[in-house]
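Below you'll find the structure, written out as structure tokens, and then a few comments.
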Amino acid sequence: MAGESASAKKGPKFARHLVALACVCALSAAFLFPERGPLPAVAFLSGLLALSMLLGLVQQVHLSLICLLLALKKLVLPGLEAWPFDILLPLLGYSAIVSAVPRLRRSVRWLVAGGFGKDVRIFAAITVIVSSAALVLWYLLLTPDIGIHTANLPRTEIWALCLSGMGFALSNAAMEEAVFRGTVMESLESAFGPGWVSIALQAALFGIAHYEKGFPNGWLGVGMAFAYGLMMGYIRRRSGGMLAVWVVHVFADLTVFGVVVYVVYIG
């Protein structure tokens, strides 16, 4: 009986590892290969969702569901790749499903403010300074084509432009943090524990999500976003909630908006 009990414990743990890694890989393929990747990713993630439900892996249901919806949106609605639809539509679908299923709704534990102690404030300030400087230098030194971002900038009065920038920063930071440091990181922690594996995996997925159309993009953008994701994952872990990472992300998005405004109106 003792051997059977140990075996039973290993089985779900192995399954959690397998499903978590497979979800990250499948969604990464959809991000890296937008023309061919979404269809096999959707099929694979559908199987992972069914497997998670069958085995009763609640947190892996969360992970496979959000990954499936992100991949499905790229497959079914490829024309809505502009902000905010790229992440808003999958997040709304995920929220509706989770809200409708009591067991999933009760298992959402990441939606808390957390603490903002001195150590968190110091590291958050460092992250804001480093990330904002890196974004500005990325544009100034490489002068990449950011037409996809400038095309979405409203041509309006300065006061309206400031409101638009704040609205973009507040909402985009909230959506991306809800996905990556919220749902994804919590699910990965349930599989791998509160170590660096879960932080690294969510950061890798966050980085790859920037490959095609992120700011920054390309492989350098992936590396920069990965490093940023590591820092944000640490803040999320250290603070025990979402407030600190959201605030830090708002500053990064304000920097992005500032660069885009500079390019359109001054550069």
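Of these, 183, 156, which one is within 25 Å of residue 198 (Cα to Cα), assigned by TED's automatic domain parsing to the domain that holds residue 267 and either β-branched (Val, Ile, Thr) or surrounded by fewer than 15 Cβ atoms within 10 Å (Cβ to Cβ) (or both)? It would help to see each step written out before you state the result.
On the way: 156 fails: within 25 Å of residue 198 (Cα to Cα).
None of the other options fit; the residue is 183.
Condition test on residue 165, is it in a helix (DSSP H, G or I) and more than 19 Å from residue 24 (Cβ to Cβ)?
Details: in a helix (DSSP H, G or I): yes; more than 19 Å from residue 24 (Cβ to Cβ): yes.
So residue 165 fits the description; yes.
Taking residue 264, is it assigned to a helix (DSSP H, G or I), at pLDDT 95 or above and more than 13 Å from the chain's Cα centre (by Cα)? Steps first, please.
Numbers: assigned to a helix (DSSP H, G or I): yes; at pLDDT 95 or above: no; more than 13 Å from the chain's Cα centre (by Cα): yes.
No: the conditions fail for residue 264.
Considering every residue within region 161-170, establish whether at least one is surrounded by 22 or more Cβ atoms within 10 Å (Cβ to Cβ), in contact with a Phe, Trp or Tyr (Cβ under 7 Å, 6 or more places away or on another chain) and either among the β-branched types (Val, Ile, Thr) or farther than 22 Å from residue 114 by Cβ (or both). Even if it seems obvious, please write down each step before you answer.
Going residue by residue through region 161-170, those that are surrounded by 22 or more Cβ atoms within 10 Å (Cβ to Cβ) are none.
No, region 161-170 contains no residue that is surrounded by 22 or more Cβ atoms within 10 Å (Cβ to Cβ), in contact with a Phe, Trp or Tyr (Cβ under 7 Å, 6 or more places away or on another chain) and either among the β-branched types (Val, Ile, Thr) or farther than 22 Å from residue 114 by Cβ (or both).
Taking region 190-226 on its own, how many of its residues are assigned to a helix (DSSP H, G or I) and without any contact (Cβ under 8 Å) to a residue 12 or more places away in the chain?
Going through region 190-226, the residues assigned to a helix (DSSP H, G or I) turn out to be 190-192, 196-208, 218-226.
Cutting the leftovers down to without any contact (Cβ under 8 Å) to a residue 12 or more places away in the chain gives us 196-197, 219.
Result for region 190-226: 3.
For residue 194, only one of the following conditions fails: (1) exposed (fewer than 12 other Cβ atoms within 10 Å of the Cβ); (2) modelled with pLDDT of 95 or more; (3) closer than 25 Å to residue 233 by Cα. What is its number?
For residue 194, the exception is condition (2).
Among the residues that make up region 173-180, is at least one of them under 30 Å from residue 13 (Cβ atoms), at pLDDT 95 or above and surrounded by fewer than 17 Cβ atoms within 10 Å (Cβ to Cβ)?
Within region 173-180, none of the residues are under 30 Å from residue 13 (Cβ atoms), at pLDDT 95 or above and surrounded by fewer than 17 Cβ atoms within 10 Å (Cβ to Cβ).
Do you know which of the residues in region 86-122 that are of a type in the set (S, T, N, Q) and free of Cβ contacts under 8 Å to residues at least 12 places away in the same chain is farthest from residue 38 (Cα to Cα)?
Taking region 86-122 and keeping what is of a type in the set (S, T, N, Q), we get 95, 99, 107.
The next check asks that each one be free of Cβ contacts under 8 Å to residues at least 12 places away in the same chain; those that pass are 95, 99.
Working: 95: 21, 99: 26 Å.
In this case the residue turns out to be 99.
What do you reckon, is residue 87 buried (at least 17 other Cβ atoms within 10 Å of the Cβ), touching an Asp or Glu at 6+ places or on another chain (Cβ under 8 Å) and not basic (Lys, Arg)? So that I can check it myself, show each step before the final result.
On the way: buried (at least 17 other Cβ atoms within 10 Å of the Cβ): yes; touching an Asp or Glu at 6+ places or on another chain (Cβ under 8 Å): yes; not basic (Lys, Arg): yes.
Yes; evaluated as a whole, the condition is true for this residue.
Give region 131-180 a look and list any residue that's of a type in the set (S, T, N, Q) and over 20 Å from residue 206 (Cβ atoms), or say none. Quick ask: steps written out before the conclusion?
Narrowing region 131-180 to residues of a type in the set (S, T, N, Q): 131-132, 143, 150, 152, 156, 164, 171-172.
Within region 131-180, 143, 150, 152, 156, 164 qualify.
Within the set of pairs 6 or more residues apart or between chains, which connect a residue that is over 17 Å from residue 32 (Cα atoms) and not assigned by TED's automatic domain parsing to the domain that holds residue 98 inside region 63-85 to a residue that is in a helix (DSSP H, G or I) and at pLDDT below 95 with Cβ atoms less than 9 Å apart?
Filtered contacts from region 63-85: no entries.
Which one of the conditions (1) at positive phi; (2) modelled with pLDDT under 95 does residue 214 fail to meet, given that it meets all the rest?
For residue 214, the exception is condition (1).
The values are calculated or read from the model by the stated rules, or taken from the named source; none is laboratory data. This structure is a prediction, so every number in the text was calculated from the model and none was measured. Glycine also receives a Cβ, built like all others from the backbone with ideal geometry; neighbour counts cover every protein chain displayed.
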